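Participant: Structure incoming, see below.
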Amino acid sequence: MTDVGPRWPEDPADPGDWRITRAGYGDPDVTALVEQVQAVYVERYGGPDETPLDPMMFVPPHGSFFLGHLAGTPVATGAWRRTTAAVVPGLPAGTPLAEVKRMFVAPAAQRRGLARRMLAHLEHSAAGTGVRAMVLETGIAQPEAIALYTSSGYEPIAGFGHYRDSPLSRCFAKVL
């Protein structure tokens, strides 16, 4: 029998050996997973995400980039960066905000609750730096992402950022 890669627990409620580590935006594992998510965007939207990103946006205290490892294999990414571009209803101007970026779980590791765990980690790590609310932008061709965010307490807000005027874009926020 040929080995087909890592063997992960079958029970989605128990992801087994799951850990999250901070990584640089240029890390080879980050690059490989970001290429995978960009391929998803090309498939679903006809092109990659063209949001301007500077790797320095993900260097503490301005932000952080994380890798999720399952049984030692990098299978997920998630990041946050501070932003002033969004307005969160009920919060005064100038409230520290962070934007969720590059949330992704490789297809072979999906449906195990890893995205939810990564999102909770992003919220916790950003809150630890004084961030009071998380904001994000996703698209209508990603219903599974919208379901994750809304079931995690995110509520719709006005568009912001690179795709603020796109009819395909949906923006959300969560007060921490």
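The values are calculated or read from the model by the stated rules, or taken from the named source; none is laboratory data. Values in this document were obtained by computation on a predicted structure and should not be read as measured data. Note that each Cβ is placed from the backbone with ideal geometry, even for glycine, and that neighbours are counted across all protein chains shown. To get the accessible areas, we keep the full protein, side chains included, count just its heavy atoms, and leave off ligands, DNA and RNA. Shrake-Rupley method; radii C 1.70, N 1.55, O 1.52, S 1.80 Å.
Participant: Within segment 93-106, track down each residue that is at pLDDT 95 or above and either more than 25 Å from VAL59 (Cβ to Cβ) or of a type in the set (A, V, I, L, M) (or both).
Facilitator: Correct list: LEU97, ALA98, VAL100, MET103, VAL105, ALA106.
Participant: Here is a further query. Within segment 37-53, restricting attention to residues that are loosely packed, with under 15 Cβ neighbours inside 10 Å and in contact with a strand residue (DSSP E or B) (Cβ under 9 Å, 6 or more places away or on another chain), which residue is farthest from TRP80 (Cα to Cα)?
Facilitator: Narrowing segment 37-53 to residues loosely packed, with under 15 Cβ neighbours inside 10 Å: 39, 42-44, 46-48, 50-52.
Okay, now just the ones that are also in contact with a strand residue (DSSP E or B) (Cβ under 9 Å, 6 or more places away or on another chain), so 44, 51.
Working: ARG44: 23, THR51: 14 Å.
The selected residue is ARG44.
Participant: Are there any strands (runs of 3 or more DSSP E) wholly within segment 60-176 with 1 or more residues that are open to solvent by 30 Å² or more (accessible area, probe 1.4 Å), and if so which?
Facilitator: On the way: elements: 63-70, 73-83, 97-105, 133-139, 155-157, 169-175.
Once the strands (runs of 3 or more DSSP E) in segment 60-176 are filtered for at least 1 residues that are open to solvent by 30 Å² or more (accessible area, probe 1.4 Å), what remains is 73-83, 97-105, 133-139, 155-157, 169-175.
Participant: Condition first: assigned to a helix (DSSP H, G or I) and either in contact with a Cys (Cβ under 9 Å, 6 or more places away or on another chain) or at pLDDT below 95 (or both). Now tell me which residues in segment 1-55 satisfy that. I'd like the intermediate steps shown before the answer.
Facilitator: First, pick out the residues of segment 1-55 that are assigned to a helix (DSSP H, G or I): 28-45, 55.
Answer for segment 1-55, where residues must be assigned to a helix (DSSP H, G or I) and either in contact with a Cys (Cβ under 9 Å, 6 or more places away or on another chain) or at pLDDT below 95 (or both): just PRO55.
Participant: Given the conditions (1) more than 12 Å from ILE20 (Cα to Cα); (2) touching a residue at least 40 places away in the same chain (Cβ under 8 Å); (3) in contact with a helix residue (DSSP H, G or I) (Cβ under 7 Å, 6 or more places away or on another chain); (4) not β-branched (Val, Ile, Thr), report the number of the one that ARG116 does not fulfil.
Facilitator: Among (1) more than 12 Å from ILE20 (Cα to Cα); (2) touching a residue at least 40 places away in the same chain (Cβ under 8 Å); (3) in contact with a helix residue (DSSP H, G or I) (Cβ under 7 Å, 6 or more places away or on another chain); (4) not β-branched (Val, Ile, Thr), the lone unmet condition for ARG116 is (2).
Participant: Of all residues in segment 92-134 being over 18 Å from PHE172 (Cβ atoms) and among the polar types (S, T, N, Q), which is farthest from the chain's Cα centre (by Cα)?
Facilitator: THR129
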